[in-house]
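Worksheet: one structure, shown below.
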Amino acid sequence: MPIFLGFLWSAFAAVLPSLVGRVLLALGIGAVAYTGLDLLVNQGEQLILDQLNAGGADVYGLLRYLGVVAAIKMHTATMLSIVAILMAEKSLKVVAKT
């Protein structure tokens with residue numbers, strides 16, 4: 001039995017560095033991509049809200065009352081969630097490759 005455990009441990013030790021490297025690479029690329037995309041989407045959302053606010057306080061108040069501002073925020077949050085899920089799937093595919 002100890003021989004089998006030794007063999008199993010040596011096989012695990014041989015595969016571990018490659019697997020850890022892939023996981024860290026996938027997580028690093030995903031984090032950088034998500035951070036850049038989050039910044040871009042937040043700036044786009046702020047630009048849209050600034051344009052709506054430029055129409056005057058009454059128009060912005062009406063749009064806010066009608067839920068247009070909330071719809072814009074929900075749309076951008078949904079887009080970011082979808083992108084995060086897609087990036088997580090891609091990262092898992094990179095890690096799963098052997």
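Where a number appears in this text, it was derived from the coordinates with a stated rule and is not lab data. Owing to the predicted nature of the structure, the values given are computational and were not obtained by experimental measurement. Cβ coordinates were reconstructed from backbone atoms using ideal geometry, including for glycine residues, and neighbour counts include every protein chain displayed.
For the reader, a short list of remarks on this structure follows.
- Pick from region 40-98, criterion under 23 Å from residue 21 (Cα atoms) and without any contact (Cβ under 8 Å) to a residue 24 or more places away in the chain, ranking: surrounded by the fewest Cβ atoms within 10 Å (Cβ to Cβ): 98
- Of everything listed in (1) among the small types (Gly, Ala, Ser); (2) under 25 Å from residue 93 (Cα atoms); (3) free of Cβ contacts under 8 Å to residues at least 24 places away in the same chain, the single unmet condition for residue 33 is (3).
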